[in-house]
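Input: a single structure, listed below in structure tokens.
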Amino acid sequence: YLKAHHPSSFMAAVMSADLDKTDRLVMIKEDCRKLGLDIAKPSINSSQYRFSVSTGESIFYGLGAIKGIGQSFVEAIIAEREECGDFHSLVDVCHRVDPEKLSRRAFEAMIKSGALDEFGPSRRELIRALPQALKSANQEAQARAAGQNDMFGVLGGVGREEEVESKQSLEE
């Protein structure tokens with residue numbers, strides 16, 4: 001009944017049940033294709049930990065199904081997104097999410113899966129920018145913990161993205 005009358009919700013639930021089984025997910029995605037269901041690629045701004053359904057009946061890929069990403073990492077991203085709105089760049093993600101939850105390997109997995117495609121011209125560019133973005137976020141977190149402000153701290157984070165971008169262009 002559910003598969004016939006609510007196919008996208010049913011298939012999202014089935015895929016969420018098999019989140020860790022890549023081989024099974026491949027088979028289920030093929031079933032979705034046969035049913036004419038659209039599976040959107042993962043997105044840091046719209047995906048949840050598990051597979052979910054949009055209002056348009058397409059299935060959002062669950063971030064938890066991406067190999068190399070832990071549940072606490074995804075939950076920290078989702079909590080920040082729900083509290084403060086969508087992310088606008090890789091640097092924005094790194095600065096807004098708790099630095100203790102950040103993982104270079106998890107970010108690389110998200111970039112390779114396409115979950116951050118909306119932030120850059122290419123995945124290669126995002127991977128290349130990742131070390132500087134993480135370093136900048138760690139420095140800011142350390143300064144905050146020490147009670148220090150840098151000259152951009154007075155602005156409350158405004159201009160942080162431009163600061164990192166200008167540093168990257170200087171290094172090139």
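Across region 91-111, not a single residue is classified as without any contact (Cβ under 8 Å) to a residue 40 or more places away in the chain and closer than 21 Å to A12 by Cβ. Note on region 1-37: residues that are of a type outside the set (S, T, N, Q), under 27 Å from R81 (Cβ atoms) and out of contact with any strand residue (DSSP E or B) (no Cβ under 7 Å at 6 or more places or on another chain) total 12. Scanning region 2-28 for residues that are more than 14 Å from S58 (Cα to Cα), without any contact (Cβ under 8 Å) to a residue 40 or more places away in the chain and either hydrophobic (A, V, I, L, M, F, W, C) or open to solvent by less than 40 Å² (accessible area, probe 1.4 Å) (or both) gives L2, A4, V14, A17, D18, V26, M27, I28. If the requirement is being more than 15 Å from N45 (Cβ to Cβ) and under 11 Å from the mean Cα position of the chain (by Cα), which of these qualifies: E108, E118? Going through E108, E118 in turn, the sole match is E108. Taken over region 54-95, the criterion of being within 19 Å of P131 (Cα to Cα), open to solvent by less than 30 Å² (accessible area, probe 1.4 Å) and among the small types (G, A, S) is satisfied by S89 alone. Has region 32-39 got at least one residue that is in contact (Cβ under 8 Å) with a residue 12 or more places away in the chain, out of contact with any His (no Cβ under 8 Å at 6 or more places or on another chain), surrounded by fewer than 16 Cβ atoms within 10 Å (Cβ to Cβ) and among the aliphatic types (A, V, I, L, M)? Within region 32-39 (the criterion being in contact (Cβ under 8 Å) with a residue 12 or more places away in the chain, out of contact with any His (no Cβ under 8 Å at 6 or more places or on another chain), surrounded by fewer than 16 Cβ atoms within 10 Å (Cβ to Cβ) and among the aliphatic types (A, V, I, L, M)), the answer is yes, since at least one residue qualifies. Among the helices (runs of 4 or more DSSP H) confined to region 78-172, the ones with at least 1 residues that are modelled with pLDDT of 85 or more are located at 90-96, 104-113, 123-146.
The values are calculated or read from the model by the stated rules, or taken from the named source; none is laboratory data. All figures in this text were calculated on a predicted structure; none of them were measured in a lab. Methodologically, a virtual Cβ is constructed for each residue, glycine included, from the backbone with ideal geometry; neighbour enumeration extends over all protein chains shown. Surface areas here come from the heavy atoms of the whole protein model, side chains and all, with no ligands, DNA or RNA. Shrake-Rupley method; radii C 1.70, N 1.55, O 1.52, S 1.80 Å.
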